[in-house]
Amino acid sequence: QVQLVESGGGLVQAGGSLRLSCAASGRTLSSYAVAWFRQAPGKEREFVGGISWSGYSTYYADSVKGRFTISRDNDKKKVSLQMNSLKPEDTAVYYCAAEFVGAGRNTGDYNNWGQGTQVTVSS
């Protein structure tokens, strides 16, 4: 089990940028695949993007491809989500999730979740 804490959310105008961080408490994330999900009011939680435990592979939802970038710093026990060209439809609570070694694009693939951070994009 690994405890995750997200940070970096906030209010930004459309076209702006935000950088979210997901930090592990008490242990390294180096052997965990990490993904970002988001959930808007009244909607199901959806996959945003993920990064392999090695950091060599990243994959994204079509809705954010080319705008969002995931990176990881295993020494600092942190995974980041850089969000550029933000749109009002990106407004949601963003969650990071981790699973040992390998995982996928479904919420059921992950057993470790953060508490979420709110991202609001104004038009």
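May I ask you to verify whether Val5 is touching a Gly at 6+ places or on another chain (Cβ under 8 Å), open to solvent by 60 Å² or more (accessible area, probe 1.4 Å) and in a strand (DSSP E or B)? Full working, then the answer.
Values: touching a Gly at 6+ places or on another chain (Cβ under 8 Å): yes; open to solvent by 60 Å² or more (accessible area, probe 1.4 Å): yes; in a strand (DSSP E or B): yes.
Here the answer is yes, as Val5 does meet what is asked.
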Every listed condition ((1) of a type in the set (Asp, Glu); (2) open to solvent by 60 Å² or more (accessible area, probe 1.4 Å); (3) in a strand (DSSP E or B)) holds for Glu44 save (3)
Within the stretch 30-37, does at least one residue satisfy the condition of being touching a strand residue (DSSP E or B) at 6+ places or on another chain (Cβ under 6 Å) and farther than 21 Å from Val5 by Cβ? no
Does Gly55 meet the test of being surrounded by fewer than 18 Cβ atoms within 10 Å (Cβ to Cβ) and within 23 Å of Gln3 (Cα to Cα)? yes
Give the stretch 6-50 a look and list any residue that's over 15 Å from Gly108 (Cα atoms), at pLDDT 95 or above and hydrophobic (A, V, I, L, M, F, W, C), or say none. Leu11, Val12, Ala14, Leu18, Leu20, Cys22, Ala40
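So that you can scan it fast, the table gives a plain yes or no per residue for (1) assigned to a strand (DSSP E or B); (2) over 23 Å from Thr28 (Cα atoms); (3) open to solvent by less than 30 Å² (accessible area, probe 1.4 Å):
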residue	(1), (2), (3)
Tyr59	yes, no, no
Ser63	no, yes, no
Arg72	yes, no, no
Leu86	no, yes, yes
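The values are calculated or read from the model by the stated rules, or taken from the named source; none is laboratory data. Remember, predicted model here, so these are calculated numbers, not experimental data. Heads up, the Cβs are rebuilt from the backbone with ideal geometry, glycines too, and the neighbour counts pull from every protein chain shown. The area values use the complete protein model at the heavy-atom level, side chains included, leaving out ligands, DNA and RNA. Shrake-Rupley method; radii C 1.70, N 1.55, O 1.52, S 1.80 Å.
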